[in-house]
1. Can residue 88 be described as surrounded by 14 or more Cβ atoms within 10 Å (Cβ to Cβ) and within 20 Å of residue 235 (Cβ to Cβ)?
2. Residues being touching a helix residue (DSSP H, G or I) at 6+ places or on another chain (Cβ under 8 Å) and either of a type in the set (D, E, K, R) or under 23 Å from residue 38 (Cα atoms) (or both): count how many of those fall in the range 100-118.
3. Determine which member of the set 200, 231, 213 is surrounded by 23 or more Cβ atoms within 10 Å (Cβ to Cβ), touching a Lys or Arg at 6+ places or on another chain (Cβ under 7 Å) and not polar (S, T, N, Q).
4. Looking at residue 30 and the list (1) out of contact with any Leu (no Cβ under 9 Å at 6 or more places or on another chain); (2) surrounded by fewer than 17 Cβ atoms within 10 Å (Cβ to Cβ); (3) closer than 17 Å to residue 238 by Cα, which single condition is not satisfied?
5. So which residues in the range 141-159 are free of Cβ contacts under 8 Å to residues at least 40 places away in the same chain and hydrophobic (A, V, I, L, M, F, W, C), if there are any at all?
6. Among the residues of the range 172-190, write down those that are of a type in the set (A, V, I, L, M, F, W, C), touching a helix residue (DSSP H, G or I) at 6+ places or on another chain (Cβ under 9 Å) and surrounded by fewer than 21 Cβ atoms within 10 Å (Cβ to Cβ).
7. Output the qualifying pairs, or none if there are none: Cβ atoms under 7 angstrom, residues six or more apart or on different chains, first residue in the range 87-101 and over 12 Å from residue 114 (Cβ atoms), second residue assigned to a strand (DSSP E or B) and within 8 Å of the ligand (Cβ to nearest atom).
8. Where in the range 21-119 are there helices (runs of 4 or more DSSP H), lying wholly inside it, with at least 1 residues that are within 16 Å of the ligand (Cβ to nearest atom), more than 14 Å from the chain's Cα centre (by Cα) and farther than 23 Å from residue 153 by Cβ?
Amino acid sequence: MRRKVIAGNWKMHKDLNETQNLISKLSNGLAKEEFNCDVIICPPYTSLSEASTLIKDTKIKLGAQNMHFEDKGAFTGEVSSAMLKSVGCEYVILGHSERRAIFGETDEIINKKIKKSLDSGLKPIFCIGETLQEREGGVMKDVIKRHVTEGLQHISKGEMEKLIIAYEPVWAIGTGVTASPEQAQEVHLFVRGLIAEIFGGDTAENIIIQYGGSVKPNNAKELLSQNDIDGALVGGACLEAESFTGIITSV
Ligand code: PGA
C-alpha cells in the first residue's frame, strides 16, 4: 500500500505575517483531526525559514517551489539545494508547468535540477502534464512520455525511491476545471507503466504519483480513491487552512 501524500504549493502567495497565520490555523486544525497521509507545505522562499520553525512540533513537512541546479556562484536571484536544506526543506517542487511555460524551463534543465536535488538529499516533486492543445491534438501521451523519460534521465532505481511524480494537466491548473477521476486515473496508469518500463515493476509499484489541478475538498475524495492516484499537489485550495485541511482529511 502506498501512503498518500498531500502537498500544498503556495506559489507567490503569503508574506511573513500571512505565513504565520496560515501555519498556525493549519497546525491547530490538523491537531484536532485524524488523518492518514503525509502533509507537505511549499511556501515561497522568503517564508521557508519561519515555516520551518513553526512546523517543528507538527506532522507537517517542508518543501520549496524551485531551486537552481548549480551549487553556488554568480546566478543572481537563484537559490541552491544546499540553501533549501539549511532552512529545513525536505522536498522541492521541480518542473512545475508555470516554471516551464513562464520561465522557459526545458526538460534538460528540469533533469539537471532533479539530479542536483537528489544528490543533495532533497526529495523532488517532479511535475509533468499536457496542455489542452496537446490533449486535443492527440499528443498527450507523447508529451507525458517525453516529460518522464527526459526528466528522469540518468536517475537510478535507488534514487527513484526518493522521488514523487505529480501529474498536473495544465488545463486543470487554477482553472476550476479538474480532470475527471477517470481521466486522471488513465494518465496515472500510463505514467506508472512508463516507470515500470524504465525502472522495473517494483519501482513502479512503489512510486507516489500525485494528481494536481483544481483539487478541492469536494472533489479530492473521488480523485484520491482511484487506484493509481496517491495524493494531491494543491494550489489555490491550500491557501486557506479550512480547505487544505478538508482535502487532507478526505484521504
Ligand atoms: P491549483 O494548482 O490547485 O490552483 O489548480 C495546482 C498546482 O499548480 O500545483
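1. no
2. Matching residues across the range 100-118 total 8.
3. Checking each option against the conditions leaves just 231.
4. (2)
5. Answer for the range 141-159, where residues must be free of Cβ contacts under 8 Å to residues at least 40 places away in the same chain and hydrophobic (A, V, I, L, M, F, W, C): just 143.
6. Listed by number, the residues that qualify are 177, 190.
7. 96/127; 97/127
8. In the range 21-119, 97-103 are the helices (runs of 4 or more DSSP H) which contain 1 or more residues that are within 16 Å of the ligand (Cβ to nearest atom), more than 14 Å from the chain's Cα centre (by Cα) and farther than 23 Å from residue 153 by Cβ.
The values are calculated or read from the model by the stated rules, or taken from the named source; none is laboratory data. Predicted model, so just to flag it, every value in this text is computed and none were measured. Here Cβ is always computed from backbone atoms with ideal geometry, including for glycine, and neighbour counts include all displayed protein chains.
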